[in-house]
Amino acid sequence: MDLLYILFIIVLELKPFGNISTNHMEQNLLSTNRLLKKTVQTIHEYQMIPPHTAILAGISGGPDSICLLHVLMTLSQRFRCRIGIAHLNHGLRSTVSDQDAVFVRSLAEKQNIPFFYKRTDIQKKTKTSKKSIEETGRNERYTFFSKVAASHGFDKIALGHHRDDNAELVLMNLLRGSGPLGLSGIPPIRNNIIRPLIGVSRSEIMSYLTENDLKYLTDYSNADTAFLRNKIRHELLPLLKEQYNPNIGETLNRLSDIFRREEDWLNILVGETLDQITKSRGKNELVLFVSGLQKLHTAHLSRILRAGVKQIKGNLRRIRLSQIDAAIEMIYSNQPHSGVDLPDRIRLEKINDSLIIRQESKSLRSIKPLQNPPVYHYTIHLEDLPVELWMPEIRKTLFISRVNGNSLPDLPQTAQTVDFLDFDRIRFPLIVRNPEAGDRFIPFGMKNSQKIKDYFINNKVPKQDRSFYPVVVSRHQIIWLAGQRIADAAKVTPSSQRFIKAELKTGENEAINDIKQNTW
């Protein structure tokens with residue numbers, strides 16, 4: 001059956017396109033076809049295709065990519081561009097994936113277009129990359145397209161995303177709690193990637209295919225609602241359209257356009273500000289004036305920090321809001337020397353009026369504390385739980401998680417480093433920092449407050465060890481002297497219903513399995 005299918009594809013009249021190389025046909029289509037008019041408008045608006053551009057089109061064989069290819073070929077003389085086709089076989093659908101490749105290859109041969117092909121095992125790569133199938137597949141496609149473009153002289157990579165794709169992504173990012181960048185949706189142009197169809201809808205694409213009698217492939221996995229994107233497309237958007245806003249797609253695209261314009265303007269503003277407050281810049285290090293940072297609105301400061309990290313790290317993957325918030329807390333604090341660690345060996349260190357953003361050459365956990373007594377300051381948000389906070393300044397790990405009431409052990413039997421707090425008596429975010437002069441709290445079982453210093457003296461904690469017991473602060477009130485005692489205000493009582501488990505351990509790589517169990 002597979003062989004018959006392949007032979008059928010090879011001998012197929014693959015009109016999709018017939019002969020579309022004449023100026024006469026282009027002019028006729030431009031004067032009558034709405035999709036072509038919109039596409040030309042988009043190309044001009046974003047200056048996507050300068051004259052004599054070589055364009056590599058990513059073609060899967062589906063309706064969007066077939067429409068893209070036909071449009072590019074139709075407009076090739078108008079923009080004096082040459083076209084190539086790239087097809088990545090993900091190997092996800094066994095022989096069907098191979099048949100898709102045969103279809104696209106035959107199309108390229110029929111139209112006498114250069115064809116570039118690669119087969120990969122996305123399932124296998126997903127296991128090693130520890131990312132989702134969608135993300136792994138996307139990364140593989142972009143890497144393949146970029147390599148082909150670079151090695152074969154293509155200036156642009158054209159992809160078939162359209163306005164419905166954009167609306168779905170905006171809604172998906174909204175559900176994920178994304179910021180303005182995520183809500184700006186799919187960019188029409190990014191570096192050498194262009195999306196000429198971003199101004200047209202899925203229904204316009206299907207009409208165009210019908211009008212031009214273009215054959216395409218159907219990927220039935222696009223109907224699988226196990227994937228979030230498909231669930232949004234087939235369930236949530238139709239529901240919103242039917243019961244809340246019949247023009248929900250246009251509304252989401254308008255929102256995307258607004259955020260994209262503002263994002264462009266803010267990037268210019270951030271770039272100018274970053275230049276003004278930069279003290280020095282090196283290959284793996286950026287130094288900013290703390291005094292300049294402290295004058296900024298927190299929203300502006302957050303963008304500056306992200307931009308600075310991106311300059312050093314090269315991207316913002318795995319950089320979370322809670323990490324940026326911790327850096328902001330550090331910048332505004334009165335501590336002259338403190339630091340915040342980010343993923344991929346990125347360290348933000350505040351030394352007097354300098355904020356150093358640096359990528360270390362080795363793991364941050366192997367770096368010795370820079371100051372004695374150590375100074376540190378971290379922020380934990382509710383959404384971070386369960387959290388494993390490594391503090392290189394004191395070489396200890398703080399574990400905080402939520403636990404069910406029926407999982408609560410006999411409190412007197414728990415280790416000294418483990419404490420349980422009443423979840424409803426504390427407020428997030430929590431600040432984890434070194435003890436400071438004048439700190440006070442009411443230890444568990446007492447009625448009056450006492451200085452942390454006096455607590456250490458009464459409990460015979462050596463002076464040189466005291467900075468190695470963090471204080472955990474909730475709304476300016478110390479609720480836990482980690483590794484020692486909780487505050488009376490956060491204690492568990494018979495009426496407590498929800499609980500926080502907190503533990504301080506010494507070491508660089510403590511297990512967190514016990515933290516992840518029995519969470520709610």
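The values are calculated or read from the model by the stated rules, or taken from the named source; none is laboratory data. Because the structure is predicted, anything quoted here is derived from the model rather than measured. Don't worry about glycine lacking a Cβ; one is built from the backbone with ideal geometry, like all the others, and counts go over all protein chains shown.
Restricting attention to the range 348-366, does a residue exist that is under 20 Å from Ile277 (Cα atoms), hydrophobic (A, V, I, L, M, F, W, C), at pLDDT 90 or above and outside any strand (DSSP E or B)? No, there is no match, as no residue in the range 348-366 is under 20 Å from Ile277 (Cα atoms), hydrophobic (A, V, I, L, M, F, W, C), at pLDDT 90 or above and outside any strand (DSSP E or B). Checking the stated criteria, Arg254 turns out not to satisfy the condition of being of a type outside the set (Ser, Thr, Tyr), more than 14 Å from Gly185 (Cα to Cα) and more than 20 Å from the chain's Cα centre (by Cα). Examine the range 115-124 for a residue that is touching a residue at least 60 places away in the same chain (Cβ under 8 Å), assigned by TED's automatic domain parsing to the domain that holds Gly61 and part of a loop (DSSP other than H, G, I, E, B), and state whether such a residue exists. Among the residues of the range 115-124, not one is touching a residue at least 60 places away in the same chain (Cβ under 8 Å), assigned by TED's automatic domain parsing to the domain that holds Gly61 and part of a loop (DSSP other than H, G, I, E, B), which makes the answer no. The set of residues from the range 148-173 being of a type in the set (S, T, N, Q) and buried (at least 21 other Cβ atoms within 10 Å of the Cβ) comprises just one member, Asn166.
Mind listing just one residue for me: the one in the range 230-242 that is of a type in the set (Lys, Arg) and touching a helix residue (DSSP H, G or I) at 6+ places or on another chain (Cβ under 6 Å) and, of those, farthest from Leu171 (Cα to Cα)? Spell out the reasoning first.
Step one: filter the range 230-242 for residues of a type in the set (Lys, Arg), giving 231, 233, 241.
Add one more test, that the residue is touching a helix residue (DSSP H, G or I) at 6+ places or on another chain (Cβ under 6 Å), and what stays is 233, 241.
Details: Arg233: 10, Lys241: 13 Å.
Ranking the qualifying residues of the range 230-242, first place goes to Lys241.
Scanning the range 253-266 for residues that are free of Cβ contacts under 8 Å to residues at least 12 places away in the same chain and in contact with a helix residue (DSSP H, G or I) (Cβ under 8 Å, 6 or more places away or on another chain) yields no hits at all.
Residue count for the range 250-289 under the criterion of being of a type outside the set (A, V, I, L, M), part of a strand (DSSP E or B) and in contact with a strand residue (DSSP E or B) (Cβ under 7 Å, 6 or more places away or on another chain): the result is 5. Of the helices (runs of 4 or more DSSP H) lying entirely inside the range 192-248, those carrying at least 2 residues that are of a type in the set (A, V, I, L, M, F, W, C) and more than 30 Å from the chain's Cα centre (by Cα) are 202-211.
Out of all the residues in the range 155-175, is one or more in the same structural domain as Tyr46 (by TED's automatic domain parsing), closer than 24 Å to Gln41 by Cβ and basic (Lys, Arg)? Within the range 155-175 (the criterion being in the same structural domain as Tyr46 (by TED's automatic domain parsing), closer than 24 Å to Gln41 by Cβ and basic (Lys, Arg)), the answer is yes, since at least one residue qualifies.
Pull out all pairs, ordered by first then second residue, where Cβ-Cβ is under 8 Å, the residues are six or more apart or on different chains, the first lies in the range 229-252 and is without any contact (Cβ under 8 Å) to a residue 12 or more places away in the chain and within 16 Å of Arg202 (Cα to Cα), and the second is surrounded by fewer than 15 Cβ atoms within 10 Å (Cβ to Cβ) and hydroxyl-bearing (Ser, Thr, Tyr). So the pair list comes out as His234/Thr225. In this entry, Glu503 is excluded by the filter for residues that are among the charged types (D, E, K, R), crowded, with 16+ Cβ neighbours inside 10 Å and at pLDDT below 90.
Yes/no matrix, rows are residues, columns are (1) of a type outside the set (D, E, K, R); (2) surrounded by 19 or more Cβ atoms within 10 Å (Cβ to Cβ); (3) within 29 Å of Ser333 (Cβ to Cβ); (4) at pLDDT below 90:
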{"position": "Ile431", "(1), (2), (3), (4)": "yes, yes, yes, no"}
{"position": "Gly445", "(1), (2), (3), (4)": "yes, no, no, yes"}
{"position": "Ser449", "(1), (2), (3), (4)": "yes, no, yes, no"}
{"position": "Ile452", "(1), (2), (3), (4)": "yes, yes, yes, no"}
{"position": "Ile478", "(1), (2), (3), (4)": "yes, yes, yes, no"}
{"position": "Leu481", "(1), (2), (3), (4)": "yes, yes, yes, no"}
{"position": "Asp514", "(1), (2), (3), (4)": "no, no, no, yes"}
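Quick check, is Asn212 free of Cβ contacts under 8 Å to residues at least 40 places away in the same chain and not basic (Lys, Arg)? So Asn212 fails the test. Please work out if Gly91 is assigned by TED's automatic domain parsing to the domain that holds Met206, more than 19 Å from Asn192 (Cα to Cα), in contact with a Ser or Thr (Cβ under 8 Å, 6 or more places away or on another chain) and in a loop (DSSP other than H, G, I, E, B). Spelling it out, Gly91 is indeed assigned by TED's automatic domain parsing to the domain that holds Met206, more than 19 Å from Asn192 (Cα to Cα), in contact with a Ser or Thr (Cβ under 8 Å, 6 or more places away or on another chain) and in a loop (DSSP other than H, G, I, E, B). Quick test for you: out of Lys131, Lys127, pick the one residue that is part of a helix (DSSP H, G or I), assigned by TED's automatic domain parsing to the domain that holds Ile66 and surrounded by fewer than 18 Cβ atoms within 10 Å (Cβ to Cβ). When all the criteria are applied, what remains is Lys127.
Do we have any residue at all in the range 219-229 that's touching a Pro at 6+ places or on another chain (Cβ under 8 Å), among the polar types (S, T, N, Q) and at negative phi? No, the range 219-229 contains no residue that is touching a Pro at 6+ places or on another chain (Cβ under 8 Å), among the polar types (S, T, N, Q) and at negative phi. Considering the conditions (1) in contact with a His (Cβ under 8 Å, 6 or more places away or on another chain); (2) of a type outside the set (Phe, Trp, Tyr); (3) at pLDDT 95 or above, Leu69 is excluded by exactly one of them, (1).
Residue-by-condition table, conditions (1) closer than 28 Å to Tyr142 by Cβ; (2) modelled with pLDDT of 95 or more:
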site	(1), (2)
Leu14	yes, no
Gly18	no, no
Asn28	no, no
His52	yes, no
Ala57	yes, yes
Pro63	yes, yes
Gly91	yes, no
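Scanning the range 188-200 for residues that are surrounded by fewer than 19 Cβ atoms within 10 Å (Cβ to Cβ) and either in contact (Cβ under 8 Å) with a residue 40 or more places away in the chain or on the phi > 0 side of the Ramachandran plot (or both) returns Ile189, Asn191, Asn192.
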